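The structure appears right after this line, and notes come after that.
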Amino acid sequence: MESNYIEKYELIDGWAIINVNFEIVSANESYYRFAGIARNYTITDVIHQVDLDDFIEVANSLKTNASKTMVLRMRRVDNSYRWIMAEIRRGELRGNKTDDADEESAYEYLELKLNDIQALKHQNQNLRQMINEYSHLLSLEGELVYAIDCRLRDVTIYRFIDDEMSVVDTRPLVDIAAEYRAPGIIPDDEKAEFEALCSDIDNGSARFVHKFHVNSSEYSILSSGLIEFKGSTYYLEGKKTRIVGTIKVLEEGISFSKNLLGNDKESRNLTSTGVLKYIKDSITYTPSGEMMLMLLQIDELAKMAAKYGKKAADDTFRLVLDMCRDKVWCRGVAGADDNNIIYIAVRDINVEVNARAFIESLRTMIKWRYMLLNNDKITFSIGVSRYPFNGKDYDKMILKARRALEIANEKGHNRFIIYKEMLHGEI
């Protein structure tokens, strides 16, 4: 009952027109459900008194066709106040000239777009859950997902790695069509079906399904077999903007989806060899993806063992390794080698600002937890390489991470080095 009551009065995509006296001229259904219906009332009647002066100041300061966004409290029909994100735009309607006036008459108004912030949060959570559910179903079916930008004529191919959709490649549509028209790729008696697929894409057919055999292809993600293409075209203002669909192998036991890891925690407790294999597999199956490799070393671990004993040093190392795994969790894996170096692989981090944010949050998190547990300080040296920023050669990526760790040690520990060819040279 409570859930239905809340949904009934949530303000999402609310819209209202008010005149210069702040009277409601027109509004959509969402707004009237939220604020209630009365014959004569102003917008100021439903805005909290604390926020009213700010609203009036913003409204009066706007020039024609200018807009501003603010957050204010508005009274709902049940007399509770809600935080509302309001976009306010000043508009103007020009009328005809009158006999006693040299200029056109003008009708000024304010257009309001209103959204309950808490309702938006709930909507976002529901949408994310729905996307995850449908993505999981597509992953179970082992399908590829493709999207065609009708303006750029580019095709982006996605596949599911560990139930998450990852970009495989983006290529011009004309290049892919030319590749599959090459002799021997599609059987002669099925080429008409392929041309029908191309026609549906060119014409922007609302929905289409086509099946034909693919014998072999340089486009490595499409293995040989009977392939099913499904698609749907989306239009905006009468123009086709995007075509989305799925690609599936109809041969039994063949799937485009890959599970590099299980969902259990044990599958993420890898050795350094397992971490490197995870990186190699991720690069192989998602060549257009992003990957960051971190080699983390606890500074002065040998001195710690000499001072407090080997068990204390081993306990500290295991504690730090567990913290790294907790930090990475579903974004990648962490493991260690026999030299007490922690290998951390994180997906979808490549841009330097994101890499630095992740590394610094990891360092500070471990330092803080360690201080709470041991009332002592701990520092690290970290070497970092990134795919594809540091190139697409897997072996060189590993070497560059190791070289970055060496540089961190040479510079006196307690720092991280992100490998950059322009600074550190090519390997």
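Here are the numbers for the structure shown:
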quantity: Kirkwood-type radius of region 142-249, with distances r between different C-alpha atoms, in Å; calculated: 14.3 Å
quantity: Relative contact order (percent, whole number), region 278-364, Cα cutoff 8 Å, 6+ residue spacing; calculated: 37 percent
quantity: Share of carbon and sulfur in the accessible heavy-atom surface of the chain [1.4 Å probe, %]; calculated: 50 percent
quantity: Selection from Leu152, Ala86, Ile279, by position along the positive dipole direction of the chain (Cβ); calculated: Ile279
quantity: Dipole magnitude (debye, nearest 20) for region 294-427, charges at Cβ of Lys, Arg, Asp, Glu; calculated: 240 debye
quantity: Accessible area in square angstrom per residue, the chain, 1.4 angstrom probe; calculated: 56 Å²
quantity: Rel. contact order, % - alpha carbon contacts under 8 angstrom, at least six apart, region 272-423; calculated: 28 percent
quantity: Separation between Cα centres of region 20-50 and region 326-357, rounded to whole Å; calculated: 52 Å
quantity: Peptides 43-49, 364-370 ordered by average Cβ neighbours within 10 Å, highest first; calculated: 43-49, 364-370
quantity: Sequence-distant lysines (8 or more away, or on other chains) whose Cα lies within less than 27 Å of Lys230; calculated: Lys191, Lys211, Lys239, Lys240, Lys248, Lys258
quantity: Peptides 191-201, 153-163 ordered by average Cβ neighbours within 10 Å, highest first; calculated: 153-163, 191-201
quantity: Spatially near lysine pairs across region 272-423, Cα under 17 Å, sequence gap of 8 or more or different chains; calculated: 17
quantity: Net charge over other residues, Cβ less than 15 angstrom from the Cβ of Glu111 (K, R count +1; D, E count -1); calculated: 0
quantity: Size of charge dipole - the chain - debye, nearest 20, with Cβ of Lys, Arg +1 and Asp, Glu -1, no other charges; calculated: 1800 debye
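The values are calculated or read from the model by the stated rules, or taken from the named source; none is laboratory data. Bear in mind that the values here come from a model prediction, so they are computed numbers and not experimental data. Neighbour counts are summed over all protein chains in view; Cβ atoms, including those assigned to glycine, are modelled from backbone coordinates with ideal geometry. Calculation scope for accessible area: heavy atoms of the full protein, side chains included, ligands and nucleic acids excluded. Shrake-Rupley method; radii C 1.70, N 1.55, O 1.52, S 1.80 Å.
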